[in-house]
Amino acid sequence: MAEQYGYAGKILRVDLTDKIITEIPSANYLPKYVGGRGLAAKIYWDEITPEIGALDPENRLIFATGALTATGAAYAAPSVCLAKAPCIYPVSTIYPSIALGRWGYEIKFAGYDAIIVQGKAEKPVYLWIKDGHVEIRNAASLWGKTTSQTRMKLMQMHGKNVQAACIGPAGENLVIQSIIAVDCNTAFAHGGFGAVMGSKNLKAIAIRGTGSIKVANPKRILEVNEHMRKVATILPGETRSVGGKTIVGKHRPPVPYFWQYMWPKGTKMGREQELGLVKMSPSGCPGCNTICKTKVRLADNAVHSGSFECGESLLWAGQEQEYYGGRPAGRVLYEFAILTDDLGIDSSLVSSMAWMGFPVDFGPEAPGGGSIMHLDMLREAHKRGILTEENTGLPWSKYGSQEFLREYTYKIAYREGFGDVIAKGPALSTKYIMEHEEFGPRRREMEYLYQKTYTKAGQFGGMRRHAIVWGKGVGDCVVSPMCTLFALHSIKRGKELEVMNNARADSAWLIKWYGTDKIKDTTYWGEDVAKAVIIHDYYHMEGDCATVCSFNSELTLMRGLALDEELTWGSVHGTPEQWSAVFGEDITQEDLMKQYERLVNLERAIWIRDGYLEGAADAFHDVIYQEKSKAGDVLFPREKLENLLSVYYQLRGWKDGAPTRAKLEELGLKDVADELERNGKLT
Amino acid sequence: MSDQQIETEEINKKRLIKPVFVPPVHVPLSKGVIIVDEEHCTCCMHCVHACSLTNEGVCSHELARIQLAESTNYIFENSAKPCLQCVDPQCLRYCPTGAIKVDAATGARIIEQKFCIGCQNCIEKCPYDPPRISFNKAKKKAVKCDLCGGDPACVKACSHGALTYFTDPNGVQTGYIQPKGSV
């Protein structure tokens, strides 16, 4: 057998019901399904049938590593967690959640490309994996503990280099918006996978790998890394020689922009007096040159220290500013990060983007859909008299304070009082409020607020907000035309550039990347946009299969394209150069695109098998079609959008939004077509 | 007996080796050393990957000659930990086969692989934590930093400017020096 490059070669399967541990060869799935999200999607297709509920023991929790993870390729730190997600409404279906940090590296160095957990343990257990040795252990001493306590305990037991994925009280209590915390304060945040793990009585997975991953051309990987680093970190006005060319920097790189911005010098933490601040320092992921995190160490080192991402620390800033006044100075930021991470709650549940300059406006014509988060929705409901201090038990008069934050997060994590309502998930909690008289005569307005905040159906239905993060692709990704359109529209409006790179005016890279200058025209909805949507789909799929951090590669991409087209080799999400160096074959961008097309079709087929048919998923709520820009144009004209969708389906080779047999067979997915036909869902 | 002596004795019992006194050795100073600016190190592991890819041809954390202290995020005094090419190299002093020697060109303390018997004495005697010598379990040999022959891959790969390669043709006073009168 030829030498295996890039992959570890085995997939671990743990059955908690029967306590059976088996290994299957990765060759069953790889390299056809690439890795990461694609690999996990194939396992989902084979094993999770439509009858299985998200919190049933038979649901599979799949942790998959990307093709480039742990090969030394730059930016390839993320890994994927995929299962049938309980958060999605109205029908639970596939959802890939992405987390950064060392978790993926440890899995691969332990000898696995993926870990599949199925069944349900009788009593709380945790998994201990070391270099192919797997044990199911009693977790009685860990149950009930917060994520950082659990992690510290596991480190005491198994050594300080161990990596742990664990759930907090929220996951144990099956809160739908719960997370799986990995590495140090990063998480598989969206999808509700904490609840899936909790439903299996699995508290944690501790893993340590000391192996290595073979690569075809180690020297070339280092060359490519250096090339990408040079493009990504060049300063304005600086001259560098890259790939035999001389480039002059145009934009400021985000290093060390973020951590200084988040925690400016002299910042007083909310609990500094209580706990004693010892040290702050910059931090990032393995193999990355961006500093997107800050390590904070307090005197009680064990429990509350950790490394916090920009999002976590910024997203409470709006509320803080509102309550305490003045510039946000970190009074509550740290508290926020601790609470959401330790209790194991999705931090976007308790955040608001108001401070970052996004309008939070629930007016019928206001373009609010881009920036409204869950707490904004509840706040509006409070303003409208639906939620009060009496019927929720939350101190609304102190909205923005530490006290409010604590009450709100603890109530949700332990499902106390109103927290139990929120913990049902966004869609079901809205339904609950609408159906119960205690929420007053205006409670029916919750439906409108919900529709302004959450997407209609499909992969993000009832779960993801219409948030701007879609466009950036930070964290979880988008392979749904409607989400992509929304993202593209954000790009057109220039918001993303403004926030990400202070480079609003210079969108030359966008035109180069999407191959059309129509991308800047907010009134154009023709075929070029449909093509751009497809490029955007692949771009995200690429990031999640390789797995390469979208945030960094996008920055490198836009910076590179703005400087010189040839510098970026066509893509940055795991460039063909990286692939070729790791796998030893001459891989081109076209080859990769074909792979991603297969995976997009596979996910769409899963979606259809699970119960989303035709265009039902590809639509906005009616209220979104009424949104208007400042100039008074309709942002999403319904007729034009519907026309665009039919063009998109045509380009994809789909009929009424569903892949056809001819298309599936062309992509080597005959088995998928056969099963869809058996279920009567092949068009 | 002090705690340390008890510990040493236990280790010796385990390894069935009688404590042997080895006189300090006088070797030429290293002409170069990798210096870490801890303030700028984010533990991104670019150096670790570059080291294992360059020297072993695989990506690995264990086989890299440059290590990170403990877990990346929890222990805060962490940063990249390269070999300091000590003035009084304990690894060289206690190597039973003389496999560790001084490279003529760079002054780096290097392990000649064909003489290494995998006893791990050098790893045990390294005065730093974590030990700056790694152990290749597959080959049963110790591996350590040889400064890549004067052009360290880790320094080239560092994207935060935390690593620098400092050279002095007259030798660098660096790393561990045996305290006076202790032997």
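Each reported figure results from applying straightforward, stated rules to the coordinates on display, with no laboratory input. Computed from a predicted structure; not experimentally measured. Ideal geometry is used to build each Cβ from the backbone, glycine not excepted, and the neighbour counts take in all protein chains shown.
Counting other beta carbons within 10 Å of each Cβ, put A:ILE534, A:ILE338 in order, fewest first.
Lowest count first: A:ILE534, A:ILE338.
Would you mind checking which residues have amide H under 5 Å from A:LYS84's amide H? H placed 1.01 Å from N; only 5 or more apart, or other chain.
A:ARG60
Tell me the label-point distance for the pair B:TYR128, A:GLU223, using the 7 Å Cα-to-Cβ offset, in nm and rounded to one decimal.
3.1 nm
All other residues with a Cβ under 10 Å from the Cβ of A:TYR7 taken together, and with Lys, Arg as +1 and Asp, Glu as -1, what is their net charge? Please report the intermediate quantities before stating the final value.
Working: positive: A:LYS10, A:LYS108, A:LYS214; negative: A:ASP113.
So the environment of A:TYR7 carries a net charge of +2.
Which pairs, out of A:LYS42/A:LYS203; A:LYS203/A:LYS411; A:LYS398/A:LYS431; A:LYS153/B:LYS137; A:LYS214/B:LYS156; A:LYS245/B:LYS31, put more than 24 Å between their alpha-carbon atoms? Please list the in-between numbers first.
Working: A:LYS42/A:LYS203 26 Å; A:LYS203/A:LYS411 21 Å; A:LYS398/A:LYS431 26 Å; A:LYS153/B:LYS137 28 Å; A:LYS214/B:LYS156 22 Å; A:LYS245/B:LYS31 34 Å.
Flagged as over cut-off: A:LYS42/A:LYS203; A:LYS398/A:LYS431; A:LYS153/B:LYS137; A:LYS245/B:LYS31.
Which far-off residues, 5 or more places away or on another chain, put their amide H under 5 Å from the one on A:LEU235, with H placed in the peptide plane?
none
Take A:LEU651 and A:ASP517, extend 7 Å from each Cα along the Cα→Cβ direction, and tell me the distance between the two endpoints in nm.
With each label placed 7 Å out from Cα toward Cβ, I get 1.9 nm.
How much length is gained on full extension from A:GLU58 to A:ASP46, taking 0.36 nm per residue of separation minus their Cα-Cα distance?
Working: separation 12, 0.36 × 12 = 4.32 nm, distance 1.27 nm.
This chain segment gains 3.1 nm when fully extended.
Using the Karplus curve 6.51 cos²θ - 1.76 cosθ + 1.60 with θ = phi - 60°, what ³J(HN,Hα) values do you get for each residue of the range B:120-125, in whole Hz, with x for Gly and Pro?
6, 4, 4, 5, 5, 7
Based only on other Cβ atoms within 10 Å, what is the fewest-to-most ordering of B:CYS91, B:CYS51? Working shown, then result.
Working: B:CYS91 25, B:CYS51 29.
Listed from fewest to most nearby Cβ atoms, that is B:CYS91, B:CYS51.
Compute the FRET efficiency between A:GLU23 and A:SER141 as 1/(1 + (r/R0)^6), taking r as their Cβ-Cβ distance and R0 = 30 Å, and round to the nearest 0.05.
Numbers: r = 29 Å, r/R0 = 0.95.
According to the calculation, E is roughly 0.55.
Work out from phi, with θ = phi - 60° and the Karplus expression 6.51 cos²θ - 1.76 cosθ + 1.60, the ³J(HN,Hα) of each residue of the range A:182-196, listed in order in whole Hz, and give x for Gly and Pro.
Going residue by residue, I get 10, 6, 10, 6, 10, 7, 7, 8, 9, x, x, 6, x, 5, 5 Hz, with x marking Gly and Pro.
Which whole-Hz ³J(HN,Hα) couplings does the range A:381-390 yield from phi under the Karplus relation 6.51 cos²θ - 1.76 cosθ + 1.60, θ = phi - 60°, glycine and proline marked x?
4, 5, 4, 7, x, 7, 9, 10, 5, 5
Between A:TYR324 and A:MET157, what FRET efficiency comes out of the Förster formula 1/(1 + (r/R0)^6) with R0 = 45 Å and r the beta carbon distance, rounded to 0.05? Intermediate values should be presented prior to the final figure.
Details: r = 41 Å, r/R0 = 0.91.
In this case the efficiency is close to 0.65.
How do A:TRP579, A:TRP607, A:TRP396 rank when sorted from fewest to most other Cβ atoms within 10 Å of their own Cβ? Let's see the in-between values first.
Working: A:TRP579 25, A:TRP607 21, A:TRP396 14.
Listing A:TRP579, A:TRP607, A:TRP396 from fewest to most nearby Cβ atoms yields A:TRP396, A:TRP607, A:TRP579.
Please list the non-local residues whose amide H lies under 5 Å from the amide H of A:ILE345, H modeled 1.01 Å from N, same-chain partners needing a gap of 5 or more.
Amide H neighbours of A:ILE345: A:ILE179.
Once you place label points 7 Å from the Cα toward the Cβ at B:LYS137 and B:THR97, how far apart are they in nm?
Between B:LYS137 and B:THR97, the label points sit 2.1 nm apart.
Assuming 0.36 nm per residue, please report the length gained on full extension of the stretch A:GLU437 to A:GLU590 beyond their Cα-Cα distance. Display every interim value, and only then the final one.
Details: separation 153, 0.36 × 153 = 55.08 nm, distance 5.79 nm.
Working it through step by step, the gained length comes to 49.3 nm.
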